[in-house]
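Asks: One structure, pasted below without further comment.
The values are calculated or read from the model by the stated rules, or taken from the named source; none is laboratory data. These numbers were taken from a predicted model, which means no experiment stands behind them. Cβ atoms come from the backbone with ideal geometry, glycine included; neighbour counts cover every protein chain shown. Protein only, heavy atoms only, side chains kept; ligands, DNA and RNA dropped before computing areas. Shrake-Rupley method; radii C 1.70, N 1.55, O 1.52, S 1.80 Å.
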Amino acid sequence: MTDIRLPLGGLKFSVRVAILCVRGDHLLANTADGLGFWFLPGGALATDEDVATCAAREWEEELGVPAGPLRLVGVLENFFGPSSKRQHELGFYFRMEAPPELPQTPFSVLDSPETTCEWVPLSELSARPVYPLAVADFLSAGPGEVRHRVERN
């Protein structure tokens, strides 16, 4: 299988899958020293892989525990980056309740030790840059609801 990340028409096109892992009033988000922003656990969709399988695979690779029940809550068409490195990303976002074995304190991602996972209070999502910015909207999706957003940065 090959990750779906392709140079097309002068930009990089990719398909990403991510998990909005919630524990009470906190969201699990990743960052790295000096990065200046937060992002969600997940990764690139591979060829011949469906998005739910990809989300579960990425979760287990990064966190070492099986994913719980996943609920699709958002689809994002994301256009971002400077003109010299423009990207077009299709994203599929799943909500999942946190498994009890995840630590409460910050911890490193298994397949990327320089990346730290931390529980971000939901009340801080507007003050802390957690990307994509559609996270708050996706978190408010009700049962059976899938939201669609387009972001151009």
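Asks: Quick one: which strands (runs of 3 or more DSSP E) sit completely within the range 43-153 and have at least 1 residues that are surrounded by fewer than 12 Cβ atoms within 10 Å (Cβ to Cβ)?
Replies: Strands (runs of 3 or more DSSP E) meeting the threshold: 112-121, 147-152.
Asks: If you scan the range 105-118, which residues turn out to be polar (S, T, N, Q) and free of Cβ contacts under 8 Å to residues at least 24 places away in the same chain?
Replies: Of everything in the range 105-118, those that are polar (S, T, N, Q) and free of Cβ contacts under 8 Å to residues at least 24 places away in the same chain turn out to be T105, S108.
Asks: Considering only residues that are within 28 Å of E97 (Cβ to Cβ) and of a type in the set (D, E, K, R), look in the range 1-35 and name the one that is surrounded by the fewest Cβ atoms within 10 Å (Cβ to Cβ).
Replies: The selected residue is D25.
Asks: Sticking with this structure for a sec: Consider W38 against the criteria (1) more than 16 Å from G74 (Cα to Cα); (2) open to solvent by less than 50 Å² (accessible area, probe 1.4 Å); (3) at pLDDT 95 or above: it satisfies all of them except one. Which criterion is unmet?
Replies: (3)
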